[in-house]
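Trainee: Below are the structure tokens for one structure; questions will follow.
The values are calculated or read from the model by the stated rules, or taken from the named source; none is laboratory data. Just so you know, these numbers come straight off a predicted model, no measurement behind them. Positions of Cβ are backbone-derived with ideal geometry, glycine not excepted, and every protein chain shown enters the neighbour counts.
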């Protein structure tokens, strides 16, 4: 499994990915799932991936090959809008999955992948898009400024609670990490280290850091978070018979 | 969808079910999913259901028919252990699902159901069991004193955080309700009113109440819970560059 999320906020973008991969619980590994592309000075594109690891790796190899090939009809260096980058990634994803579909179907495996494509192209507003396995996409909105792929359910409540388009990037980063640790706590196939990217509008630089499994920051974050959940639970009212109807 | 949970604690049992049902988002309704059986003085059995509504209703009708039929080879009045009640419910569930399988397969519908069977039979220790669509079961344990069916992911973190076998029944009830409102917040197909059952060991009485959609208790619970989640988020540390490695 995997958990990746991207937020499109007033001041910029926050992207966070875990690194755990598994092909069965007896085959667990770590792979990067957050990739920064800066092929020309006027564009910064962050790719995050979930789904079949072979498909995502072949898609990334094709992206790199197109970037190295001046004759490539399309690449992350040539698209003129971020949605064109999303469609380009979607096309590669569909092509790779189709190429291997027969063989994968025969063993009951799913070869599809889902991507988050975030960033800024030229002077267009920064954006975050989710590319479905079918190659189409949706974008984040002011009403729902986050996108998730992979194991999306466990960490969704925190995003819904605390992510509004006008929170600061630093606030959003800690909400994202809280959502991540809630997910990792519930699903063994999501885990650290975590790759965090922060993009400030117009900067064309992604502040990209890796949060290690044994970092004291992560331990503090988890400790504070658990403490406050427990405090909240302690102060919840007891079930009041006067407010319920006995049946 | 549905969300039902049962906890087996030191002092007794806590059961909680939502009431929302849906056959597509354009066909949403409310049905009870928590049922108390007290067929003889020495047994109290609580059934909670998730899955195909027609299957669960037919299973309940068969349970009632068997209770009314002195010649029935097996019923909730004749089983001698709670696990036998679970196997009995599982057998009915498999029979009903199989009876309609051909017709349901033809329209791509799933006719299976999952049940929670909790309670006390005679002097045996109270217990809570989850009956799979295949008719087999698992039970709660001291290490994991809760069972969930239906939409289990959104509310799981709270149960894992705060449910230990030695919490009081009142504490457990508010944890259960917190888990429920987190789930209802995330999934439209889970919703109030909620049916809460509390069983104290040896009592053979289920304190059974319904918490209405518009109850002030529910509003207070949600308000306190959201306030404390926000407070917790406020006090989380910011991402500290000294504790992460820039890439």
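Trainee: Can you go through A:106, A:97 and tell me which one is more than 30 Å from residue B:186 (Cα to Cα), over 15 Å from the mean Cα position of the chain (by Cα) and surrounded by 14 or more Cβ atoms within 10 Å (Cβ to Cβ)?
Mentor: Exactly one of A:106, A:97 is more than 30 Å from residue B:186 (Cα to Cα), over 15 Å from the mean Cα position of the chain (by Cα) and surrounded by 14 or more Cβ atoms within 10 Å (Cβ to Cβ), namely A:97.
Trainee: Is it the case, given these coordinates, that residue B:69 is surrounded by fewer than 19 Cβ atoms within 10 Å (Cβ to Cβ) and either out of contact with any helix residue (DSSP H, G or I) (no Cβ under 7 Å at 6 or more places or on another chain) or at pLDDT 95 or above (or both)?
Mentor: Yes; evaluated as a whole, the condition is true for this residue.
Trainee: Within segment B:183-197, how many residues turn out to be at the interface with chain A (Cβ under 7 Å from one of its Cβ atoms) and farther than 18 Å from residue B:48 by Cα?
Mentor: Summing the residues that are at the interface with chain A (Cβ under 7 Å from one of its Cβ atoms) and farther than 18 Å from residue B:48 by Cα in segment B:183-197 gives 2.
Trainee: Taking segment B:213-225 as the region of interest, how many residues are out of contact with any helix residue (DSSP H, G or I) (no Cβ under 7 Å at 6 or more places or on another chain) and either more than 7 Å from chain A (Cβ to nearest Cβ) or closer than 23 Å to residue A:169 by Cβ (or both)?
Mentor: The total comes to 5.
Trainee: Could you figure out which of (1) touching a helix residue (DSSP H, G or I) at 6+ places or on another chain (Cβ under 7 Å); (2) more than 7 Å from every other protein chain (Cβ to nearest Cβ); (3) more than 30 Å from residue A:212 (Cα to Cα); (4) in contact (Cβ under 8 Å) with a residue 60 or more places away in the chain isn't true of residue B:155?
Mentor: Exception for residue B:155: condition (3).
Trainee: Being over 15 Å from residue B:232 (Cα atoms) and at the interface with another protein chain (Cβ under 9 Å from one of its Cβ atoms) is the filter here; which residues of segment A:162-182 pass it?
Mentor: A:170, the sole residue that qualifies.
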